[in-house]
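The values are calculated or read from the model by the stated rules, or taken from the named source; none is laboratory data. Worth saying up front: this structure is predicted, and the values here are computed from it rather than measured. Heads up, the Cβs are rebuilt from the backbone with ideal geometry, glycines too, and the neighbour counts pull from every protein chain shown. To get the accessible areas, we keep the full protein, side chains included, count just its heavy atoms, and leave off ligands, DNA and RNA. Shrake-Rupley method; radii C 1.70, N 1.55, O 1.52, S 1.80 Å.
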Amino acid sequence: MSAQHGSSAQHDSSAPQGPSVTHDDVAPAGGPALSRRALGGAVGAGAAAAALGLSGGTASAAPAEAVGERPFAAATGRHARRPNILFILGDDLGWADLSSYGSTHIRTPNLDRLGRQGVRFTDAYSGSATCSPTRFSLYTGRYPGRTRGGLAEPIADNSEGLEPTHPTLASLLRDSGYATALIGKWHCGFLPDYSPTKSGWDEFFGNFGGALEYYSKLGGDGTYDLYRGSVREGDAEYKDLRYYTRILTERAEDYVREGREGDKPWLLNLNFTTPHWPWIADGDTEQSAEIVRRIKAGDARALWHADGGSIAKYTEMVEDLDRSVGRVLAALRASGQERDTLVFFASDNGGERFSYNWPLSGNKASLQEGGIRVPALLRWPARIDGGQVSGEPVFTPDWTATLLEIAGARPHPAYPLDGTSLAGYLLRGEKVPERDLFWRVRGERALRRGDWKYYRGKSGADQLFDLGTDQREQADRATAERELLAELRGRWEAVNDELLPYPA
């Protein structure tokens, strides 16, 4: 990364933040009708009415971006060089927190625009229901339960992490000629044993823990948690007491502008902590000081900020995330690399206290839809047309397999992937192979096959839902579909038997 950051700690956090990306014209209505699954993803009766061209009092609530979308179809026969990969994660962002997914009170023009320029996925899922297991599933392409570190939900101390010997998306791409960097939240183990620079990323700038106070960079135990590292030089603390989202945005802007040795393609994992608690927006210095005071006084739950936050504050944080993504995308465009860069955006799991998940049930930490279904946007101008929506069920490990295939890298034979590559679907017009999506967390289990979802929550009762007609998971079909329930339960248990057991 650029050496110019050495003096960034002196920058004024109130300085102008640069231009945000503006809206493109919304695609005109009148395209092909949406599929049932894609229509369900248009969020609510109003969106459905608008997508079908119907009038009615609720139609005005429809996200404008859903009106002109058409069902996804691959643009076959195109060729392009191996793309750069910009993989962006929001933190605890709810499925409907973007205006293109149905939010009526949060405005996200930059992310909406990203979706309009590519594909919006209505039935995309995280690899787990909390932060670090999902990151394990992304970095390894495997179920979190394949590794000891992935059993922590989430990692909270230095006892476990992502073993440096395990191949990762970054290490496999690096070995195939990519430059690799991770900016932002790692949450897959702590120093001295675990770090992105030990697991395939050439460069790292960010925090190791699951949360930090946005200005002081203090974790819940009072430890400072902002580091800069490289494979050559190792990891060291980096002092910058400005608002964290601003710092990460600047770092990412610089990275996408910089050239690479030998003009290498690059992978950048950009992991924002926004809008994860504590509920501190840019400029909330008094609230920051209060949380720092509580941390230093030994309040182990100060970062949870259980006595703070509001829908208005959460909205401010999400809209700030949107502006930050817009700045990075503007830098990418200015660099001349936009056409040959695959950009992917998603949340690491479902939303938390103030997120908007309607019509889904459940939140972060649950395997109900609201805990694992996430917004997901994909853009690659050289190969994929814009204005499209896909209702294919996909989850985090699929993106690992997809990116490896697109980049011409092979998985390690000793560590087979659990995800399915979507490259054939996205680029060659092939059907997504039939498969099951599997999840396991302590006390809950879930498996999706087609529109059917098998779910057992903490009540211990097996339930079955048809997500094609019941996204809210209220009509339990377990009694009416006993054979299907037994089949899906048996499949879940067969996969579970392959995984490591949770420690007692």
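Table for the structure above
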{"quantity": "Environment charge of G177, counting only residues whose C-beta is closer than 9 Å and scoring Lys/Arg +1, Asp/Glu -1", "calculated": "+2"}
{"quantity": "Charge tally in the Cβ shell below 13 Å around E290, where Lys, Arg are +1 and Asp, Glu are -1, E290 excluded", "calculated": "-2"}
{"quantity": "Rg(Cα)/(2.2 N^0.38 Å) for the chain, N = residue count", "calculated": "0.92"}
{"quantity": "FRET E, pair L484, T285, Förster distance 41 Å, beta-carbon r, rounded to 0.05", "calculated": "0.15"}
{"quantity": "Residues whose placed amide H lies under 5 Å from that of G184, excluding near-sequence neighbours", "calculated": "F205, G206, N207, N271"}
{"quantity": "From phi via Karplus (6.51, -1.76, 1.60), per-residue ³J(HN,Hα) for region 316-324 in Hz, x at Gly/Pro", "calculated": "4, 5, 5, 5, 5, 4, 4, 4, 5"}
{"quantity": "Solvent exposure of the chain as accessible area per residue, Å², 1.4 Å probe", "calculated": "38 Å²"}
{"quantity": "Loop GluC sites (Glu not before Pro), region 194-299 (other Cβ atoms within 10 Å of the site Cβ: 14 or fewer; DSSP)", "calculated": "E233, E258"}
{"quantity": "Among the listed pairs K264/K431; K364/K458; K198/K313; K313/K364; K239/K296; K431/K453, those beyond 25 Å (Cα-Cα)", "calculated": "K264/K431; K198/K313"}
{"quantity": "Helix-only CD estimate at 222 nm, as mean residue ellipticity for the chain, using -39500 (n - 2.57) per DSSP H run (n ≥ 4)", "calculated": "-7500 deg cm²/dmol"}
{"quantity": "Calculated FRET value between R428 and K264, using beta carbons and R₀ = 35 Å, to 0.05", "calculated": "0.85"}
{"quantity": "Shape call, region 118-176: gyration tensor on alpha carbons, a/c limit 1.5", "calculated": "oblate"}
{"quantity": "Per-pair calculated FRET efficiency, R0 = 22 Å: A156 and D307 via Cβ, rounded to 0.05", "calculated": "0.55"}
{"quantity": "Charge-dipole axis of region 320-421 as Lys and Arg at +1 and Asp and Glu at -1 on Cβ define it, positive-most pick from L332, L377, T400", "calculated": "L332"}
{"quantity": "Region 239-325 shape via C-alpha gyration tensor axes, a/c threshold 1.5", "calculated": "prolate"}
{"quantity": "Cα-projected label distance for A382 with R148, points at 7 Å along beta-carbon direction, nm", "calculated": "4.1 nm"}
{"quantity": "Under the Karplus curve 6.51 cos²θ - 1.76 cosθ + 1.60, θ = phi - 60°, whole-Hz ³J(HN,Hα) for region 343-360, x wherever Gly or Pro sits", "calculated": "10, 10, 10, 7, 9, 7, 5, x, x, 10, 4, 9, 6, 10, 10, 3, x, 7"}
{"quantity": "Other-chain or far-sequence residues with amide H under 5 Å of V389's (modelled H)", "calculated": "R70, F72, R120"}
{"quantity": "Distance between region 221-261 and region 336-357 - C-alpha centres, whole angstrom", "calculated": "20 Å"}
{"quantity": "Stretchable slack from T165 to H105, in nm (0.36 nm times residue separation minus alpha-carbon distance)", "calculated": "17.1 nm"}
{"quantity": "Sparse-neighbour loop sites [trypsin sites (Lys or Arg not before Pro); region 243-281; at most 16 other C-beta within 10 Å; DSSP]", "calculated": "R260"}
{"quantity": "In order through region 126-141: 3J(HN,Hα) via Karplus (6.51 cos²θ - 1.76 cosθ + 1.60), integer Hz, x for Gly, Pro", "calculated": "7, x, 7, 9, 9, 4, 5, x, 5, 5, 4, 5, 6, 6, 9, x"}
{"quantity": "Proximal charge balance of R81 [Cβ under 12 Å; K/R count +1, D/E count -1]", "calculated": "+3"}
{"quantity": "At most 14 other Cβ within 10 Å, DSSP loop - GluC sites (Glu not before Pro), region 399-477", "calculated": "E430, E434"}
{"quantity": "Solvent-accessible area, 1.4 Å probe, carbon plus sulfur percent, for the chain", "calculated": "50 percent"}
{"quantity": "Cα-centre dipole for region 125-276 with unit charges at Cβ (Lys and Arg positive, Asp and Glu negative), debye to 20", "calculated": "300 debye"}
